[in-house]
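The values are calculated or read from the model by the stated rules, or taken from the named source; none is laboratory data. Please read all numbers here as calculations on a predicted model, not as lab measurements. Methodologically, a virtual Cβ is constructed for each residue, glycine included, from the backbone with ideal geometry; neighbour enumeration extends over all protein chains shown. Just the protein is used for accessible areas: all its heavy atoms, side chains included, with ligands, DNA and RNA removed. Shrake-Rupley method; radii C 1.70, N 1.55, O 1.52, S 1.80 Å.
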Amino acid sequence: MSSVLVPVATTARGMEYSVHDCPRKHKEEVAAIFPGMDVQGMLIVPTCQNSEVDLVRVGEEIENEKDRLLEVFMEWAKAVCEILIAKGYWADYIDPCSGLPMITRESRVVYGEVDALQTLLGYKTQNAGCCKVVLHPKWGSSVYPSSMFAKAPLEELLAAIKQALVPHALGVHWCASS
């Protein structure tokens, strides 16, 4: 496992996150995803949300749940990144649907969320048909993983995470009930 700077914590809406130094094993992949970015000092924030259904299954209910979890992550990650960028730091987040960065558009290299959780948190995986699936220690395959990256002091990142959780931060209604 990588150097865990902040162990798994949970937001008010039940999303787990942790903060890690970018491990040596990941640096080449992260550098390819963010071309021209010096990955020295890069912080990785993997997140997991507990889904109401097993996401390995297929169907309209599963797709609706994925959409709901996607919206929760995107709203949160966008707010955190906007706060950091406004302070002069670099930050980006991965679109869980495509595996591509949302802010840095120069790359077509896909980030492997499942492999990242295996490396960063030691989570187990299993093969499900043609896909590799992460197994959360409490939720099994009822988990929606997604990640954010930052080049900022840890204290600034944690402050941005805390600020993004406040209702109406940057016009975001993160704490509003869904």
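Miscellaneous remarks
- For the stretch 10-161: relative contact order, % (alpha-carbon pairs under 8 angstrom, 6 or more apart): 31
- Accessible surface computed residue by residue for the stretch 1-136, with neighbouring protein chains in place and a 1.4 Å probe, gives 50 Å² per residue.
- Length gained when the stretch V166-E28 is fully extended (0.36 nm per residue, less Cα-Cα span): 46.2 nm
- Using a Förster distance of 25 Å, the FRET efficiency for I62-I103 (Cβ separation, nearest 0.05): 0.35
- Paramagnetic reach from V4 (point 7 Å along Cα→Cβ, amide N under 19 Å) across the stretch 38-54: 43-50
- Hits among aspartates and glutamates - C-alpha to C-alpha of K151 under 15 Å, sequence gap 8 or more where chains match: D21, D38, E82, D92
- Taking A77, A86, A31 in turn, the Gaussian network model of the chain (Cα-Cα springs below 10 Å) assigns the largest fluctuation to A86.
- Straight-distance crosslink candidates among lysines, where the alpha carbon sits under 20 Å from K124 and sequence neighbours closer than 8 are dropped: K25, K132, K138
- Membrane-span-like helices in the chain, defined purely by DSSP H runs whose alpha carbon atoms cover 24 Å or more axially and whose average Kyte-Doolittle hydropathy reaches -1.0, are 60-86.
- Per-atom-type breakdown for the chain gives carbon and sulfur 53% of the accessible area (1.4 Å probe, protein chains only).
- D_trans [Stokes-Einstein, Kirkwood Rh over alpha-carbon pairs] for the stretch 71-162, 20 °C, 1.002 mPa s, µm² s⁻¹: 149
- Modelled spin-label separation between A12 and D95, with each label point placed 7 Å from Cα along the Cα-to-Cβ direction: 2.9 nm.
- For the peptides 19-25, 112-118, 100-106, residues were scored by their other Cβ atoms within 10 Å and the scores averaged per peptide; the highest-first order is 112-118, 19-25, 100-106.
- Theoretical ellipticity at 222 nm over the chain - DSSP helices of four or more residues, -39500 (n - 2.57) apiece, nearest 500: -10500 deg cm²/dmol
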